[in-house]
Amino acid sequence: MVEHSRALIDPVTRFRNTSAYIFLLAFGDDEERRRVVRFVNRAHAPVRSSGYNAFDPKLQLWIAAVMFHGGRDIYERFFGPLERADAERLYREFALYGTSLQVPADMWPADLDAFEAYWDGVVADLVVDDTVRTYARALLSGGDLPFVVRPAMAINRFFTLGMLDPRVREAYGFSWTPGQQRRFDRVMKVAAPLYRALPQGVRHLPGRLVLRDARRRFAGAPERAAA
């Protein structure tokens, strides 16, 4: 998997492609969804190696599960715990990120309880080799991003590690001290109410810009979307 990734070489394009998939599946029309899914499938086609296949439904299920787990966590950190019915609805909607690719609908855990059991089982058995650990560290350092934006990656790394499931963080070999946890908790205690105080138009502006960029890039043939 690592040898096929261009995230370190061209992290901006990788971010734009990933965010296009996320936003167009959530907010796009049927044609936009079709185009971005076809683009992802074309990109995944050559990603094969010994023991890895980007079309593996189990791997795609895990990626979609990570998206739901992280998305729910971020929302609840800023807005508080979701009501059970709202959490179940959000969970069902996130199935789209797997089932739009190669994950059969009946493979997506049936409800939140089934999801938590699935998550705990996968995390308990998670094994990360040195190659992937090295890649993850390089990715959180910014890859080939310009030097002037590297300081921002330190902030990104701090928040990314703070929000990771501790068991995942440990599997990847990332250090995280009690002092870092206290700083993270203090920052979140201040950041959450500040974010909630922003006008909705300001809070939603980054998402609107990402969606606009995705729609512009995927308005034509998806083969050109990576450019």
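The values are calculated or read from the model by the stated rules, or taken from the named source; none is laboratory data. Quick caveat: nothing in here was measured; it's all calculated off a predicted structure. Glycine also receives a Cβ, built like all others from the backbone with ideal geometry; neighbour counts cover every protein chain displayed.
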Count - residues of region 42-74 that are within 29 Å of Glu88 (Cβ to Cβ) and among the polar types (S, T, N, Q): 1
Return the residue satisfying two criteria in turn: it lies in region 102-112 and is exposed (fewer than 11 other Cβ atoms within 10 Å of the Cβ) and in a helix (DSSP H, G or I), and of such residues it is farthest from the chain's Cα centre (by Cα). Asp106
Quick check on my filter: what residues within region 113-160 are outside any helix (DSSP H, G or I), modelled with pLDDT of 85 or more and surrounded by fewer than 12 Cβ atoms within 10 Å (Cβ to Cβ)? Asp125, Val127, Asp129
Collect the residues in region 49-60 that are out of contact with any Leu (no Cβ under 6 Å at 6 or more places or on another chain) and either at pLDDT 85 or above or more than 26 Å from Gly121 (Cβ to Cβ) (or both), keeping them in residue-number order. Phe55, Asp56, Pro57, Lys58, Leu59
Just a yes or no: is a residue in region 89-101 modelled with pLDDT under 95, assigned to a loop (DSSP other than H, G, I, E, B) and exposed (fewer than 12 other Cβ atoms within 10 Å of the Cβ)? no
Given the structure, is Ser100 small (Gly, Ala, Ser) and within 26 Å of Leu205 (Cα to Cα)? no
Residue among Pro178, Pro166 that alone is out of contact with any Cys (no Cβ under 7 Å at 6 or more places or on another chain) and farther than 20 Å from Ala64 by Cα: Pro178
For residues that are touching a residue at least 60 places away in the same chain (Cβ under 8 Å) and loosely packed, with under 14 Cβ neighbours inside 10 Å, tally how many sit in region 49-88. 3
